[in-house]
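**Q** Below is a structure I'd like to ask you about.
The values are calculated or read from the model by the stated rules, or taken from the named source; none is laboratory data. Keep in mind it's a predicted model, so treat the numbers as computed, not measured. Positions of Cβ are backbone-derived with ideal geometry, glycine not excepted, and every protein chain shown enters the neighbour counts.
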Amino acid sequence: MQKSFISFLFSIIIFSGYSQPLTSGAIDTLVTRSMKAFDVPGIAVAVIKDGKVIHSKGYGVRSLNTMKPVDENTLFGIASNSKAFTAAALGILVDEGKIKWDDKVRNYIPEFKLYIPWVTEEFTIRDLLTHRSGLGLGAGDLMFFPDSSDFTLKDILHNLQFLKPVSSFRTKYDYDNNLYIVAGEVIARVSGESWDDFVEERIMKPLGMANSAASPDRVKDRSNMIDGHAAVNGKVQVIARSTLKVGHSAGGINSSIADLSKWVMVQLNDGKFGDNNEKKLFSHDAHWEMWSPQTIIPIRNGGSYNTHFAAYGLGFFISDVKGYKQISHTGGLEGMVTQITMIPELNLGIIVLTNQQEGGAFSSITNQIKDAYFGIKGTDRVKEYSAGRNGALDNEKKLLDSIWKQVDETKAKNAKADMSIYTGTFADTWFGDVSISQKNGKVWFDSKRSPKLTGEMFPYKGNTFVVKWRDRSMDADAFVMFTLDENGKASGITMKPISPLTDFSYDFRDLDFHLKK
């Protein structure tokens, strides 16, 4: 009876109330439905309109281990939403006359080097922020993702020269994290203080973001932090917390909707803040650069918002939605995903933070709220995105089932095959060594520098294996393809993810291993 009544009320909201902004009660219902549909333990949502926070609330629990509630001050890892803070920090330095957006990176980091020498010499600070380097999607992310790798900032700066481009410089959008790490180092070398210190002192402190921190290890009060969650063998559970030893300028900030509302308000207010807007975080010119298209992103389907154009600015995505300019970004780390969206012409900001690595939740919440302000009627984004996600998961299951069926068939045929021909230590120029060995009659993959990448290998077809990672929360099993020398011994390895749903930061496709002599 109660469930039917709630459904009835929601149907009224969906079909008759969306010409007006959603009430807090309607948002409560929306978030509850989204949490259930996408199996998310905890979510925090804030809505900012006309310079005021009109909704700020936590839902569910911070952790399935503690079952403590989420509130407006609960800290989440905001991941790539940190990139806008890096752009703003550079904007502050531009305002102070210490750098220019189009200064060459090597003016500040002489050891900076990319694969193509002339690109190295021409690369600017602006290029660090705009995903147009020529490197492939997520190139080199395995140097810091998963979070147990031992790569240092010095290692990353050195290894960039080994990442081969997949397109010409400044011709194509491909999302990149490592160059934001370099951008953070520019800030450090120009300002004389770490990126972490600069962002906390020059951005968070003035705005009153008292509970936020530039990285997880700098959080002073850890009593109200989320745990990350992921589906492991079909059941959502707590997974190891992401630590990001390097890469804070690309995705390290921990914050809450209470603090991020202040960040969104200063963005919507052209850098001004304070009781009478008497203070300025960054100038109008710096803000204009951040919110201006820098790299075109092709649009092939305008979708329900009739989007014609999309681009990346400096730390933000920019697009048109229903005739309005939209400024937005998402963020994803192990066990958590987030989204910040702004519609400047409506003076509207929406923040959704979640503690499960399932993007359908923040998309359904954000877009249903947007629909209300756009006057779009009759949509049910939870139902729409849930159906799409379930369809993608069904297709993935069929693919994986067929692969493991083939593995079983190969195992039955090759029960006595000699696996020693595949063993040895293999090296990639930027990722380092992996060991392929036999343990108790099983073939095993072990990365030296990223210990999370360890798992049993199963013969698939020919000289191709499937590696099943021991940490099942990673959801990134991969093909391992061997090349053999003239004696029939493995001489090289390439890899690629099995599932099309694998996070792009598992950039196995960029690895090229050769047997160490």
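**Q** Cβ-Cβ below 8 Å, separation at least six or inter-chain, first residue in region 161-190 and modelled with pLDDT of 95 or more, second among the acidic types (Asp, Glu) and surrounded by 18 or more Cβ atoms within 10 Å (Cβ to Cβ): which pairs?
**A** As it stands, the answer is LEU163/ASP510; LYS164/ASP510; VAL166/ASP174; SER167/ASP174; ARG170/ASP127; ASN177/ASP141; ASN178/ASP141; LEU179/ASP127, since those pairs meet every condition given.
**Q** Do we find that THR338 is in a strand (DSSP E or B), under 20 Å from ILE318 (Cβ atoms) and touching a His at 6+ places or on another chain (Cβ under 9 Å) in this structure? I'd like the intermediate steps shown before the answer.
**A** Working: in a strand (DSSP E or B): yes; under 20 Å from ILE318 (Cβ atoms): yes; touching a His at 6+ places or on another chain (Cβ under 9 Å): yes.
Yes, satisfied.
**Q** Closer than 26 Å to ALA230 by Cα and either touching a strand residue (DSSP E or B) at 6+ places or on another chain (Cβ under 6 Å) or at pLDDT below 95 (or both) - does that describe any residue in region 367-381?
**A** Initially, region 367-381 is screened for residues closer than 26 Å to ALA230 by Cα, giving 367-369, 380-381.
Within this subset, residues satisfying the condition of being either touching a strand residue (DSSP E or B) at 6+ places or on another chain (Cβ under 6 Å) or at pLDDT below 95 (or both) are 369.
Among the residues of region 367-381, at least one is closer than 26 Å to ALA230 by Cα and either touching a strand residue (DSSP E or B) at 6+ places or on another chain (Cβ under 6 Å) or at pLDDT below 95 (or both), which makes the answer yes.
**Q** For region 81-100, what are the residues that are buried (at least 18 other Cβ atoms within 10 Å of the Cβ) and part of a loop (DSSP other than H, G, I, E, B)?
**A** Within region 81-100, just ILE99 meets the criteria.
**Q** Could you list, ordered by first residue, the pairs with Cβ atoms under 9 Å in which the first is in region 390-412 and within 15 Å of ALA478 (Cβ to Cβ) and the second is part of a helix (DSSP H, G or I) and not small (Gly, Ala, Ser), at least 6 apart or interchain?
**A** That search, which allows pairs on different chains as well, returns nothing.
**Q** Run down ASP155, ASP150 and say which single residue is among the charged types (D, E, K, R), modelled with pLDDT under 95 and within 19 Å of VAL246 (Cβ to Cβ). Before you say what the answer is, go through the steps one by one.
**A** Details: ASP155 fails: modelled with pLDDT under 95.
From the options ASP155, ASP150, the qualifying one is ASP150.
**Q** Next up: Considering only region 118-219, give the helices (runs of 4 or more DSSP H) lying wholly within it that have at least 2 residues that are under 12 Å from SER249 (Cα atoms) and among the charged types (D, E, K, R).
**A** On the way: elements: 125-129, 153-159, 178-191, 195-199.
The helices (runs of 4 or more DSSP H) meeting that bar are 195-199.
**Q** Answer with yes or no whether GLU345 is of a type in the set (Asp, Glu) and touching an Asp or Glu at 6+ places or on another chain (Cβ under 9 Å). Reasoning before the result, please.
**A** Details: of a type in the set (Asp, Glu): yes; touching an Asp or Glu at 6+ places or on another chain (Cβ under 9 Å): no.
Answer is no for this residue.
**Q** Sticking with this one: Testing LYS104 on (1) within 30 Å of LYS272 (Cβ to Cβ); (2) touching a strand residue (DSSP E or B) at 6+ places or on another chain (Cβ under 7 Å), one condition comes back false. Which one is that?
**A** For LYS104, the failing item is (1).
**Q** Scan region 271-312 residue by residue and report those that are within 12 Å of ALA88 (Cβ to Cβ) and touching a Ser or Thr at 6+ places or on another chain (Cβ under 9 Å).
**A** Within region 271-312, GLY271 is the sole residue that qualifies.
**Q** Could you list, in sequence order, the residues of region 74-110 that are of a type in the set (Ser, Thr, Tyr) and within 19 Å of the chain's Cα centre (by Cα)?
**A** Of region 74-110, the ones of a type in the set (Ser, Thr, Tyr) are 74, 80, 82, 86, 108.
If the condition is that a residue be of a type in the set (Ser, Thr, Tyr) and within 19 Å of the chain's Cα centre (by Cα), then SER80, SER82, THR86 are the ones that fit.
**Q** If you go through region 315-325 one residue at a time, do you hit one that is among the hydrophobic types (A, V, I, L, M, F, W, C) and free of Cβ contacts under 8 Å to residues at least 12 places away in the same chain? Let's see the steps before the verdict.
**A** In the first step, residues of region 315-325 are kept if they are among the hydrophobic types (A, V, I, L, M, F, W, C); the result is 316-318, 321.
Then keep just the ones that are free of Cβ contacts under 8 Å to residues at least 12 places away in the same chain; that gives none.
No, the conditions are met nowhere in region 315-325.
**Q** Could you identify the single residue in ALA361, ALA387, ALA392 that is of a type in the set (A, V, I, L, M), in contact with a helix residue (DSSP H, G or I) (Cβ under 8 Å, 6 or more places away or on another chain) and within 18 Å of LEU501 (Cα to Cα)? Please lay out each step first, then the result.
**A** Numbers: ALA387 fails: in contact with a helix residue (DSSP H, G or I) (Cβ under 8 Å, 6 or more places away or on another chain); ALA392 fails: in contact with a helix residue (DSSP H, G or I) (Cβ under 8 Å, 6 or more places away or on another chain).
Exactly one residue qualifies, and that residue is ALA361.
A quick yes/no check of all residues on (1) at pLDDT below 95; (2) among the small types (Gly, Ala, Ser); (3) part of a helix (DSSP H, G or I); (4) under 14 Å from GLY77 (Cβ atoms):
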{"site": "SER223", "(1), (2), (3), (4)": "no, yes, no, no"}
{"site": "SER242", "(1), (2), (3), (4)": "yes, yes, no, yes"}
{"site": "LYS245", "(1), (2), (3), (4)": "yes, no, no, yes"}
{"site": "LEU260", "(1), (2), (3), (4)": "no, no, yes, yes"}
{"site": "TRP263", "(1), (2), (3), (4)": "no, no, yes, no"}
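**Q** Would you mind finding the one in SER447, SER437, SER386, SER402 that is surrounded by fewer than 13 Cβ atoms within 10 Å (Cβ to Cβ) and among the hydroxyl-bearing types (Ser, Thr, Tyr)? Talk me through it step by step, then tell me what you get.
**A** Values: SER447 fails: surrounded by fewer than 13 Cβ atoms within 10 Å (Cβ to Cβ); SER437 fails: surrounded by fewer than 13 Cβ atoms within 10 Å (Cβ to Cβ); SER386 fails: surrounded by fewer than 13 Cβ atoms within 10 Å (Cβ to Cβ).
Going through SER447, SER437, SER386, SER402 in turn, the sole match is SER402.
**Q** Does region 331-341 contain at least one residue that is over 17 Å from the mean Cα position of the chain (by Cα), at pLDDT 95 or above and in the same structural domain as LEU30 (by TED's automatic domain parsing)?
**A** Filtering region 331-341 down to residues over 17 Å from the mean Cα position of the chain (by Cα) leaves none.
Within region 331-341 (the criterion being over 17 Å from the mean Cα position of the chain (by Cα), at pLDDT 95 or above and in the same structural domain as LEU30 (by TED's automatic domain parsing)), the answer is no, since none of the residues qualifies.
**Q** Right, here's the next one. Show me the strands (runs of 3 or more DSSP E) entirely contained within region 351-468 in which 1 or more residues are of a type outside the set (S, T, N, Q) and over 26 Å from ASN233 (Cβ atoms).
**A** Values: elements: 424-428, 432-439, 442-447, 454-461.
Result: 424-428, 432-439.
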